[in-house]
Each structure stands twice: as C-alpha cells, then as structure tokens.
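Trainee: Once you've had a glance at the structure underneath, I'll fire off some questions.
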Amino acid sequence: MMRYKIFLISILTAVSLTAHAQADDRLVTNVQSIGIGASNILDTYLSPEKYKGVEVRYISHTTRHLSDQWKELLIHQGIFSNSSTRSDDNTEQLGMYIFDYGKYKLLKQTDRLRLFVGGMAEIGGGFLYNSHNTNNPAQGRLYLNISPSIFGEYDFTLFRKTLKARYELTVPLLGAMFSPNYGQSYYEIFSEGNYDHNVVFTTPFNAPSMRHSISVDIPFSRVDLRIGYLGDYQQAKVNNLKYHTYSHLLTIGIVRTFTIHPITK
C-alpha cells in the first residue's frame, strides 16, 4: 500500500504546483482545438486483439509568457475513441482526461526562429471498455509522467501574410502508472485489498512513449487559425501485460492572445 500512497501524493503535489503556477497574471496565448483521426489500441488485460477506429480529442493549449526567457505551458486534453477488431464483431471505447504543465527556457533566438527547452509533468486518467467481455469488461487508466520537452516557432511569409510554424516534442523519462497484474481482477485489488505490484514505476525501458505535433498559425482579422498534426504514441509492458494507444490526428483550432492584469487591492 506504500506505493499507492506515494503515487497519490505525487499526483496531488503536481496538481498543487500547477494551481500555484496559475496564480500570476501574464500575457497569454490560448488555443482551443479539436483533433480527429485514427487510433490503434491494445490492452492485453482485456483482449489480445488490436482495435482500430476513430478518435476525437479536445485540446486547450495555453502558453503563459513569463519573461523574454521563460514560458510555461498548460494543456488540457479530453479524449474519446471508438474502435473495433478486424472482423468488426467487438468494440472498445476509450475515454481519457490528460493535464500537462511545463516550463521552458529560451535556448536560441533569431529574427524568425525561437527554440525553447524544458520539462513537462503530465497526469492522465480514464477508462477502456470492452463490449465483448463479461468478467473483466473495463480497464482503468491512471498515470503520472515527468518528461523532457522542446518546442520551436518559426515565422515565415506567404501571400503577404506572416505565418507561424510550430513544433513540439515530449518524451516521458520517469513516471508511475496503475496496472492490475496478469490474471488479477479488480475485485481482488479493491474489495479484498490484495496488492500485487499494481503501482508500477515507468521508464523508457518498460514504457517507451512520445507525443509530438506540428502546426501552422494563419492570421485573420482578430484571431489566428491553427491547423496541424498530432502524433501521440503511448505504450507500456508491465505486470506481464502490454498496453498501447497510437493516435494520428488532424487538428484545427482558434488562437487568441491577450493580457490578464493582476488584481490589486
């Protein structure tokens, strides 16, 4: 049970630090996006089959400009996918909420290019439901990742308009995730309290994953339009079980930049 406590304390600490990070008012760039595309899911706790289908993802991406040298990112993601086997006789539904907080320092700047490097903390939770199973129909998802991360912005001119290209890359380095053991039921874990390495620490050796995106901001009268691609590849091999979720999404969103002034007494 000690690992459960450490896991929960880590999550609560990350949430607390994030809330503190949002206390100051800064210049803010917010992007509200919708992504839609293909998903590929494997969870051998529920089924040895791979499921393929359609994923829809809502993304709120906020950049807070702390100074000329520092920025912080806050990202909320809501995910839903519906997938099926090749024979189309069984389906799985995935629902997830993911929150990221990152802090970045300016590494290089030219007239057109800005390159930032930093780190990201990510908390994710959700479920995977298998419509065919009766004994174990669902699998819970809960994890925490600490990741090195980079992003770059490049300004260029097209049709007399200044556009901005952006690339982001995040690769988890250390983390922890919840997972039942092979053959272990949720009844054993939560009703009988039989712990069996259900909190697993993760590294690139047992959970090699990455998320990257490329996008272009196109200016209009009052807001910008962001069009891009998001590739999200999450996988793990723990407790004699294999997991993966591969997503390839086309994203489109609205970019707004504004200043929030601090409240003075």
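Trainee: Name the single residue that is farthest from the chain's Cα centre (by Cα) among those in the stretch 60-91 being of a type in the set (D, E, K, R) and within 23 Å of residue 165 (Cβ to Cβ). Quick ask: steps written out before the conclusion?
Mentor: Going through the stretch 60-91, the residues of a type in the set (D, E, K, R) turn out to be 64, 68, 71-72, 86, 88-89.
Imposing the further condition that a residue be within 23 Å of residue 165 (Cβ to Cβ) reduces the set to 64, 68, 71-72.
Values: 64: 18, 68: 26, 71: 19, 72: 16 Å.
Among residues in the stretch 60-91 that are of a type in the set (D, E, K, R) and within 23 Å of residue 165 (Cβ to Cβ), the one farthest from the chain's Cα centre (by Cα) is 68.
Trainee: Residues that are more than 19 Å from residue 212 (Cβ to Cβ), among the hydroxyl-bearing types (Ser, Thr, Tyr) and under 14 Å from the mean Cα position of the chain (by Cα): does the stretch 92-99 have at least one?
Mentor: Within the stretch 92-99, the first condition is being more than 19 Å from residue 212 (Cβ to Cβ), and the residues that meet it are 92-95, 97.
After this cut, where a residue has to be among the hydroxyl-bearing types (Ser, Thr, Tyr) as well, the list is 97.
Still in the running and under 14 Å from the mean Cα position of the chain (by Cα): 97.
Scanning the stretch 92-99, I find at least one residue that is more than 19 Å from residue 212 (Cβ to Cβ), among the hydroxyl-bearing types (Ser, Thr, Tyr) and under 14 Å from the mean Cα position of the chain (by Cα), so the answer is yes.
Trainee: Filtering the stretch 155-169 down to residues that are at pLDDT 95 or above and open to solvent by 40 Å² or more (accessible area, probe 1.4 Å), which residue is nearest to residue 216 (Cα to Cα)?
Mentor: Quick first cut of the stretch 155-169, residues at pLDDT 95 or above only: 165-169.
So of that shortlist, the ones also open to solvent by 40 Å² or more (accessible area, probe 1.4 Å) come out as 167, 169.
Details: 167: 9, 169: 15 Å.
That would be 167.
Trainee: How many residues are outside any helix (DSSP H, G or I), surrounded by fewer than 13 Cβ atoms within 10 Å (Cβ to Cβ) and on the phi < 0 side of the Ramachandran plot if we restrict to the stretch 175-195?
Mentor: Within the stretch 175-195, the first condition is being outside any helix (DSSP H, G or I), and the residues that meet it are 175-185, 192-195.
Next cut, surrounded by fewer than 13 Cβ atoms within 10 Å (Cβ to Cβ) only: 182-183, 192-193.
Retained after the next criterion (residues that are on the phi < 0 side of the Ramachandran plot): 182, 192.
So the answer is 2.
Trainee: Return a yes/no flag: does the stretch 36-51 have any residue that is in contact (Cβ under 8 Å) with a residue 24 or more places away in the chain, open to solvent by less than 30 Å² (accessible area, probe 1.4 Å) and closer than 30 Å to residue 108 by Cα.
Mentor: no
Trainee: If you don't mind, there's one more thing I want to ask. When you look at residue 245, is it under 22 Å from residue 123 (Cα atoms), among the hydroxyl-bearing types (Ser, Thr, Tyr), surrounded by fewer than 21 Cβ atoms within 10 Å (Cβ to Cβ) and under 18 Å from the mean Cα position of the chain (by Cα), yes or no? Walk me through it before giving the result.
Mentor: Values: under 22 Å from residue 123 (Cα atoms): yes; among the hydroxyl-bearing types (Ser, Thr, Tyr): yes; surrounded by fewer than 21 Cβ atoms within 10 Å (Cβ to Cβ): no; under 18 Å from the mean Cα position of the chain (by Cα): yes.
Against the criterion (under 22 Å from residue 123 (Cα atoms), among the hydroxyl-bearing types (Ser, Thr, Tyr), surrounded by fewer than 21 Cβ atoms within 10 Å (Cβ to Cβ) and under 18 Å from the mean Cα position of the chain (by Cα)), residue 245 does not qualify.
Trainee: Next question. Quick one: which of 206, 130, 145, 135 is closer than 28 Å to residue 84 by Cα and open to solvent by less than 30 Å² (accessible area, probe 1.4 Å)? Explain how you work it out, then say what you get.
Mentor: Numbers: 206 fails: open to solvent by less than 30 Å² (accessible area, probe 1.4 Å); 145 fails: closer than 28 Å to residue 84 by Cα; 135 fails: open to solvent by less than 30 Å² (accessible area, probe 1.4 Å).
Going through 206, 130, 145, 135 in turn, just one is closer than 28 Å to residue 84 by Cα and open to solvent by less than 30 Å² (accessible area, probe 1.4 Å): 130.
Trainee: Now, a different point. Residues of the stretch 52-64 being open to solvent by less than 50 Å² (accessible area, probe 1.4 Å), of a type in the set (Lys, Arg) and at pLDDT 95 or above, which ones?
Mentor: Step one: list which residues in the stretch 52-64 are open to solvent by less than 50 Å² (accessible area, probe 1.4 Å), which gives 53, 55, 57, 59-64.
Next, from what is left, pick out any that are of a type in the set (Lys, Arg): 57, 64.
Hit for the stretch 52-64 is 57, nothing else.
Trainee: Determine whether residue 96 is open to solvent by less than 30 Å² (accessible area, probe 1.4 Å) and within 16 Å of residue 62 (Cα to Cα). Please lay out each step first, then the result.
Mentor: Values: open to solvent by less than 30 Å² (accessible area, probe 1.4 Å): yes; within 16 Å of residue 62 (Cα to Cα): no.
No: the conditions fail for residue 96.
Trainee: Taking the options 39, 16, 81, 67, name whichever one is at pLDDT below 95 and within 30 Å of residue 180 (Cβ to Cβ). Steps first, please.
Mentor: On the way: 39 fails: at pLDDT below 95; 81 fails: at pLDDT below 95; 67 fails: within 30 Å of residue 180 (Cβ to Cβ).
Exactly one of 39, 16, 81, 67 is at pLDDT below 95 and within 30 Å of residue 180 (Cβ to Cβ), namely 16.
Trainee: Is at least one residue of the stretch 159-171 within 22 Å of the chain's Cα centre (by Cα) and not in a strand (DSSP E or B)?
Mentor: Scanning the stretch 159-171, I find at least one residue that is within 22 Å of the chain's Cα centre (by Cα) and not in a strand (DSSP E or B), so the answer is yes.
Trainee: Let me ask another. So, of the residues in the stretch 200-236 that are part of a loop (DSSP other than H, G, I, E, B) and of a type in the set (Ser, Thr, Tyr), which turns out to be modelled with the lowest pLDDT? Talk me through it step by step, then tell me what you get.
Mentor: At the first step, the residues of the stretch 200-236 found to be part of a loop (DSSP other than H, G, I, E, B) are 203-209, 220-223.
So of that shortlist, the ones also of a type in the set (Ser, Thr, Tyr) come out as 203, 209, 221.
Numbers: 203: 96, 209: 97, 221: 76.
Ranking the candidates gives 221 first.
Trainee: For the stretch 214-238, give me each residue that is open to solvent by less than 30 Å² (accessible area, probe 1.4 Å) and either small (Gly, Ala, Ser) or touching a Ser or Thr at 6+ places or on another chain (Cβ under 6 Å) (or both).
Mentor: Across the stretch 214-238, the qualifying residues are 215, 226, 228, 230, 231, 232, 236, 238.
Trainee: What are the residue pairs meeting all of these: first residue in the stretch 143-159, first residue over 17 Å from residue 200 (Cα atoms), second residue open to solvent by 70 Å² or more (accessible area, probe 1.4 Å) and among the hydroxyl-bearing types (Ser, Thr, Tyr), Cβ atoms under 9 Å, and 6 or more apart or on different chains?
Mentor: 150/167; 151/167; 152/167; 153/167; 154/167; 155/162; 156/162
The values are calculated or read from the model by the stated rules, or taken from the named source; none is laboratory data. Here the structure is a predicted model, which means the values were calculated and not measured. Using ideal geometry, Cβ is built from the backbone for each residue, glycine included, and neighbour counts are taken over all protein chains shown. Each accessible area value is taken on the protein alone, full model and side chains, heavy atoms only, with ligands, DNA and RNA left out. Shrake-Rupley method; radii C 1.70, N 1.55, O 1.52, S 1.80 Å.
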